[in-house]
1. So, of the residues in region 65-92 that are buried (at least 18 other Cβ atoms within 10 Å of the Cβ) and within 14 Å of residue 114 (Cα to Cα), which turns out to be nearest to the chain's Cα centre (by Cα)?
2. Only residues that are at pLDDT 95 or above and buried (at least 21 other Cβ atoms within 10 Å of the Cβ): list them for region 163-187, please.
3. Based on what the data block shows, is residue 90 at pLDDT below 95, under 28 Å from residue 193 (Cβ atoms) and in contact with a helix residue (DSSP H, G or I) (Cβ under 8 Å, 6 or more places away or on another chain)?
4. Any idea which of 220, 214 is at pLDDT 90 or above, buried (at least 17 other Cβ atoms within 10 Å of the Cβ) and assigned to a loop (DSSP other than H, G, I, E, B)?
5. Does any residue in region 71-88 that is over 14 Å from residue 41 (Cα atoms) come within less than 8 Å, Cβ to Cβ, of a residue that is part of a loop (DSSP other than H, G, I, E, B) six or more places away or on a different chain, and which pairs are these?
6. Only one of these conditions is not met by residue 142: (1) in contact with a helix residue (DSSP H, G or I) (Cβ under 7 Å, 6 or more places away or on another chain); (2) assigned to a loop (DSSP other than H, G, I, E, B); (3) buried (at least 20 other Cβ atoms within 10 Å of the Cβ). Which number is it?
7. Go over the candidates 150, 174 one by one and state the one that is touching a strand residue (DSSP E or B) at 6+ places or on another chain (Cβ under 8 Å), touching a residue at least 24 places away in the same chain (Cβ under 8 Å), part of a strand (DSSP E or B) and under 27 Å from residue 245 (Cβ atoms).
8. Would you kindly identify the helices (runs of 4 or more DSSP H) lying entirely within region 1-60 that contain at least 3 residues that are surrounded by 10 or more Cβ atoms within 10 Å (Cβ to Cβ) and at pLDDT 60 or above?
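The values are calculated or read from the model by the stated rules, or taken from the named source; none is laboratory data. This one's a predicted model, so the numbers in the text were calculated from it and none came from an experiment. Because the Cβ atoms are built from the backbone with ideal geometry, glycine has one as well, and the counts that use them run over all protein chains shown.
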């Protein structure tokens, strides 16, 4: 009976014992740590213990650098970003920056990011078009690019991106203010033939710009154009959009005249459109969703 009670107690102790994180296989620990916020890794995680310090020196940890949704940080964000990029040892694949990017930082990313596949730049007002035009030739593997509310960039930058990044499949390009101009749409259609997903916000393009996109991007699957008012939509253009694009989001197309999204798209595509077809489209996108 005594041995039985001892075994039961040992089993109970074993079941309530906290896991020893240091006993995890190194590759699993590295996978976990690599998913954490870049600032946390630099300022906290790498100082926890010698094992984690050694793991944090591995380039694998720094293939993804995410520094977005940062408010009132007490740290030197540019310095931390430089440190993380250096640690990647040229293996950087995915980087997201909000607010603090400069021309010098973008240049540093280009010098160390030949494997970069995805870049996200949000409200980076210190980036100039001249600085951005100088770097795309160093991103030959880039597949996804999100430029949100960086007001200094225009069609010239888009043309260079399309020229030097032939693998680009996804582009989000937005600005805070609205301008009526087809130049950016024409630049996309002219240079980004492999594009699958496109989202433009802040450009009030016309039918000419939309046709340029459809002509130049035959692989396009989804197209989201926000807040436009200059499209006339001939019957031929309506049909072409319907036939060519799997997911089409054209907000505010007479939406205020209808009670729901289905009626709006029924009017846009015609009375014979069925429910299954219309379910693939949306027409009420909010700015906050961008």
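1. Restricting to residues being buried (at least 18 other Cβ atoms within 10 Å of the Cβ) and within 14 Å of residue 114 (Cα to Cα), the top hit is 92.
2. Passing the criteria: 165, 168, 171.
3. Here the answer is no, as residue 90 does not meet what is asked.
4. Exactly one residue qualifies, and that residue is 220.
5. As it stands, the answer is 78/100; 78/102, since those pairs meet every condition given.
6. (1)
7. 174
8. Fully inside region 1-60 and qualifying: 26-33, 38-43, 50-55.
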